[in-house]
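These notes are about the structure you will find just below.
The values are calculated or read from the model by the stated rules, or taken from the named source; none is laboratory data. What you see is a predicted model, and the numbers here were worked out from it, not measured in a lab. Ideal geometry is used to build each Cβ from the backbone, glycine not excepted, and the neighbour counts take in all protein chains shown.
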């Protein structure tokens with residue numbers, strides 16, 4: 001019975017350390033890439049709304065999102081998901097919307113413009 005308790009404690013420690021490492025990893029990526037200063041607040045809010053709520057992102061903000069880069073974009077979304085106030089969100093749904101928003105912006109920015 002004692003070995004079961006030790007095992008349980010080890011599992012909890014492993015999971016806690018893994019979550020803490022993931023949080024530090026996202027924070028480190030954000031800091032090293034200066035992610036938080038690459039987009040203005042209006043575009044950050046548009047991107048947030050399109051991913052975490054129901055909304056769309058303008059062409060102008062899509063361009064800024066693509067310039068921000070996928071590494072920053074993903075790290076910021078993952079860090080936002082770690083916020084205890086957002087615990088009711090379903091991570092898989094948010095990640096899917098994150099990918100959809102990124103792909104839509106990428107397609108918009110890099111699609112050939114129609115010829116006149």
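Per-structure values
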item: Conditions (1) at pLDDT below 90; (2) more than 27 Å from residue 24 (Cβ to Cβ): number failed by residue 36; result: (2)
item: Any hit, the range 41-53, residues being loosely packed, with under 10 Cβ neighbours inside 10 Å and modelled with pLDDT of 60 or more; result: yes
item: Residue within the range 104-116 that is under 12 Å from the mean Cα position of the chain (by Cα), within 20 Å of residue 41 (Cα to Cα) and surrounded by 12 or more Cβ atoms within 10 Å (Cβ to Cβ) present; result: no
item: Test: residue in the range 58-65 that is over 18 Å from residue 109 (Cα atoms), loosely packed, with under 13 Cβ neighbours inside 10 Å and over 14 Å from the mean Cα position of the chain (by Cα); result: no
item: Condition broken by residue 88, with the remaining ones in (1) more than 13 Å from the chain's Cα centre (by Cα); (2) buried (at least 19 other Cβ atoms within 10 Å of the Cβ) satisfied; result: (2)
